[in-house]
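S.K.: Handing you a structure now.
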There are 2 protein chains.
Amino acid sequence: MAQTEENENQEKEAQILDAACSEFLAHGKNGTRMQGIADRAGVNKALVFYYFHSKDLIFQAVVDRNFRMLIETMTMNVDFTAPAESIIRQFTHNHIGVIAKNRELFQFFSGEIWMNPEELINGISVSLKKQTKAVYSGFEARIAAAVQKHEIRSIQPLQLLLNIVSLDVFYFIAAPIIFSLTGTSAAEQKRIAQKREDEVADFIWNAIKYEGGNGI
Amino acid sequence: MAQTEENENQEKEAQILDAACSEFLAHGKNGTRMQGIADRAGVNKALVFYYFHSKDLIFQAVVDRNFRMLIETMTMNVDFTAPAESIIRQFTHNHIGVIAKNRELFQFFSGEIWMNPEELINGISVSLKKQTKAVYSGFEARIAAAVQKHEIRSIQPLQLLLNIVSLDVFYFIAAPIIFSLTGTSAAEQKRIAQKREDEVADFIWNAIKYEGGNGI
DNA sequence: GTCTATAATTCGATAGAC
DNA sequence: GTCTATCGAATTATAGAC
């Protein structure tokens with residue numbers, strides 16, 4: 001009996017959080033209404049306050065859950081013992097994959113990064129930061145080694161990381177505007193999107209692969 | 001007398017629009033208060049409505065003014081008769097220059113693109129669209145010619161444009177988060193920023209320059 | 001825990017005096 | 001054209017019954 005009640009409670013709380021994710025992702029922090037969250041969760045508005053106390057707090061809960069997922073997926077599953085080209089392709093595949101699957105989420109953060117930069121950065125838990133720094137350290141060491149071994153040309157690891165992330169990610173923010181400004185047809189847009197992952201990976205690899213004695 | 005009055009009137013209207021730019025850029029559309037605009041302009045709130053009628057309309061006025069400036073600067077002043085490498089460097093220089101000088105403005109649009117995509121895209125005037133399309137046609141033709149002449153390797157012009165814009169622009173959105181996640185010191189951040197323009201131009205050129213008979 | 005009802009506030013917008 | 005005063009709608013948040 002107690003078990004059943006507990007499950008039901010947890011279930012409603014989870015329903016509310018799920019609904020909050022959908023609403024905040026669709027409308028941003030300012031655009032989301034507590035009533036909208038309640039409606040989507042199928043509960044009374046007061047219950048949202050009962051579980052989450054305020055709009056700020058439920059927003060923070062949404063940010064925590066999703067930002068963690070996004071960062072974890074973008075830093076995970078890269079085998080640093082592989083050849084440099086393979087690492088680049090793994091990164092690009094991971095990034096574009098997770099963003100394409102979570103377009104809304106990603107665009108949400110692109111907006112909120114600018115509206116509440118401190119809130120977002122401070123919201124990153126210490127453990128997640130540590131974990132991400134560890135992955136970056138691996139990347140940095142591997143790139144430095146690749147430069148030394150003439151796998152790739154000389155490049156600063158952090159600049160390379162910025163380049164990779166920019167190419168993987170910015171497409172999902174800017175493509176609508178650029179397609180509109182260049183007058184690109186819907187069919188052409190689709191073709192561009194389908195080829196995007198390979199194009200980006202080729203582009204990065206061409207940019208960094210070692211080409212002999214001239215040093216650059 | 002009539003002259004003086006007219007000047008004063010125009011002056012107040014201009015003050016209000018200037019104030020609106022600052023407020024919308026700082027707080028976004030939803031975050032901006034009509035009272036805040038009035039305060040910053042040093043006028044009464046009712047006067048803001050007298051000149052601009054509604055929040056939507058003054059927002060549109062702000063978007064029109066700034067978006068036009070941004071797009072014009074980003075597409076201007078590129079000499080398509082120059083060598084391909086020089087064109088790449090001109091583009092990168094223009095983009096990074098205008099964004100660095102208008103960080104706030106640019107980040108504002110990155111946020112609003114997602115909140116109100118139609119409003120932004122529809123807000124682009126027909127003449128500006130035409131002008132931008134013409135520049136893009138020049139770019140497209142020049143890239144196609146460069147491929148044929150073996151100045152650069154084979155690449156779709158639109159993919160290349162997306163790559164250039166991504167590399168030039170995304171740094172200004174993502175750098176804070178990436179620096180935070182990688183634990184980059186302030187001094188190192190400064191060094192990265194100073195070298196960014198050259199790094200990006202080199203990266204792009206290395207990625208596309210022609211390297212002999214293997215075709216890619 | 002869950003609901004109804006409502007308080008409290010914020011904010012866009014307008015009426016009307018000058 | 002510029003101001004004061006205020007309306008009315010929307011929205012967060014809470015009090016209190018069940």
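The values are calculated or read from the model by the stated rules, or taken from the named source; none is laboratory data. Since the structure is predicted, the reported quantities are computational estimates derived from the model, not experimental observations. When we count neighbours, we look across all protein chains shown, and the Cβ atoms used for this are built from the backbone with ideal geometry, even at glycine.
S.K.: How many of the residues in region B:4-44 are at pLDDT 95 or above, within 14 Å of DNA strand C (Cβ to nearest atom) and within 29 Å of B:Trp114 (Cβ to Cβ)?
M.R.: Of the residues in that region, 15 qualify.
S.K.: Only one of these is at pLDDT 95 or above and at the interface with another protein chain (Cβ under 7 Å from one of its Cβ atoms): A:Ala207, A:Ala201. Name it.
M.R.: A:Ala207
S.K.: Looking at this structure, is B:Ala46 aliphatic (A, V, I, L, M), in contact with a Phe, Trp or Tyr (Cβ under 8 Å, 6 or more places away or on another chain) and over 30 Å from B:Ala207 (Cβ atoms)?
M.R.: no
S.K.: Which residues, taken from region B:45-77, are polar (S, T, N, Q) and either within 15 Å of DNA strand D (Cβ to nearest atom) or at pLDDT 95 or above (or both)?
M.R.: B:Ser54
S.K.: Another question about this same structure. Of a type in the set (Lys, Arg) and surrounded by fewer than 16 Cβ atoms within 10 Å (Cβ to Cβ): is that true of A:Lys101 in this structure?
M.R.: yes
S.K.: Still on this structure, please answer the following. How do the pairs read when you match residues in region A:131-160 that are at positive phi with residues anywhere that are part of a loop (DSSP other than H, G, I, E, B) and of a type in the set (Phe, Trp, Tyr), using Cβ under 6 Å and keeping only pairs 6 or more apart or on different chains?
M.R.: A:His150/A:Tyr210
S.K.: Turning to a different aspect of this structure: Within region B:168-178, take every residue that is touching a residue at least 12 places away in the same chain (Cβ under 8 Å) and of a type in the set (Phe, Trp, Tyr) and give me the one that is farthest from the other protein chains (Cβ to nearest Cβ).
M.R.: B:Phe172
S.K.: Among the residues that make up region A:36-45, is at least one of them free of Cβ contacts under 8 Å to residues at least 40 places away in the same chain and at positive phi?
M.R.: yes
S.K.: Out of all the residues in region A:31-44, which are aliphatic (A, V, I, L, M), assigned to a helix (DSSP H, G or I) and more than 8 Å from DNA strand D (Cβ to nearest atom)?
M.R.: Within region A:31-44, A:Ile37, A:Ala38, A:Ala41 qualify.
S.K.: Kindly indicate the residue of region B:52-61 that is at negative phi and within 11 Å of DNA strand C (Cβ to nearest atom) and also surrounded by the most Cβ atoms within 10 Å (Cβ to Cβ) among those meeting that condition.
M.R.: B:Ile58
S.K.: Test A:Gln148 against the criterion of being buried (at least 16 other Cβ atoms within 10 Å of the Cβ) and over 30 Å from B:Arg103 (Cβ atoms), and give yes or no.
M.R.: No.
S.K.: For A:Phe108, are the conditions met, namely being within 13 Å of the chain's Cα centre (by Cα), more than 16 Å from DNA strand C (Cβ to nearest atom) and over 20 Å from A:Ala201 (Cβ atoms)?
M.R.: For A:Phe108, the condition - within 13 Å of the chain's Cα centre (by Cα), more than 16 Å from DNA strand C (Cβ to nearest atom) and over 20 Å from A:Ala201 (Cβ atoms) - is met.
S.K.: Anything in region B:60-92 that is assigned to a helix (DSSP H, G or I) and closer than 17 Å to B:Arg142 by Cβ? List them, or say none.
M.R.: B:Met74, B:Thr75, B:Ala84, B:Glu85, B:Ser86, B:Ile87, B:Ile88, B:Arg89, B:Gln90, B:Phe91, B:Thr92
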